[in-house]
Each structure stands twice: as structure tokens, then as C-alpha cells.
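Report on the following structure.
The values are calculated or read from the model by the stated rules, or taken from the named source; none is laboratory data. Since the structure is predicted, the reported quantities are computational estimates derived from the model, not experimental observations. Every residue, glycine as well, gets a Cβ built from its backbone with ideal geometry; the counts of neighbours run over all protein chains shown. What goes into the accessible areas is simple: the full protein's heavy atoms, side chains included, and nothing from ligands, DNA or RNA. Shrake-Rupley method; radii C 1.70, N 1.55, O 1.52, S 1.80 Å.
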Amino acid sequence: MRRFAALLLGAAAFYGAVTSAPGQAIALAKEPCGFYKTGSDAYYRHCTTDGSHVVIKVEVAWAPDYQRCVGPGRTWLGSASRIQGAHYVGRTC
């Protein structure tokens, strides 16, 4: 009986580890560094530990692209249907 209980506890621990790992990965993937979209919005997340501000180029559908200075963290760029992408241009601001 003890062996069965140990096996059952081991299986429960394994199941918990397997089921929680994808949940953690999904939570981390919700806000990646750089450009990303949700169902309705487009964002750029500048991941930094030094507090720097960087220039990004924002690519817009049916309108001129533009550059923007963004600080650390998440910056809302606009509607996901309008913003096609954004990337770091290689300089600070």
C-alpha cells in the first residue's frame, strides 16, 4: 500500500509539473520583448534593465511608417488591424 501511495504522489507531482509548465510559458509569451499583437491591439515592449529609451520604426497599413521613441516596458502602438509591425532602429533617444 505504501508503494502505491508513493507512486500516486509521484504521478500527481509529475502531472502538476507538466500541466503548469505550459501555463507558465503562455504567461511569459503574452508579453514578449519587441513587437507583438493581441486580438485587437499592437504593442512594442522595450525590455531593458538600464532605463534606456530607444527609437523604433512603426509600420502602418495604408499610411506612412513613422519612428517613435519608447521607454522601458510596454507601449501601445494602435489597432492590431492598422499596425503591421515595429522594430528597433539601432539608436537611443
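The table that follows gives values for the structure above.
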| item | result |
| --- | --- |
| THR92 more than 18 Å from the chain's Cα centre (by Cα) and either touching a residue at least 12 places away in the same chain (Cβ under 8 Å) or open to solvent by less than 20 Å² (accessible area, probe 1.4 Å) (or both) | yes |
| Members of the stretch 59-80 that are among the small types (Gly, Ala, Ser) and either open to solvent by less than 20 Å² (accessible area, probe 1.4 Å) or more than 20 Å from PRO32 (Cβ to Cβ) (or both) | ALA61, ALA63, GLY71, GLY78, ALA80 |
| Exclusive hit being outside any helix (DSSP H, G or I) and either at pLDDT below 95 or of a type in the set (Lys, Arg) (or both), set GLY90, GLY39, GLY23 | GLY39 |
| PRO64 at pLDDT below 95 and either of a type in the set (Ser, Thr, Tyr) or not in a strand (DSSP E or B) (or both) | no |
| Number of positions in the stretch 38-58 that are surrounded by fewer than 16 Cβ atoms within 10 Å (Cβ to Cβ) and in contact with a Gly (Cβ under 6 Å, 6 or more places away or on another chain) | 1 |
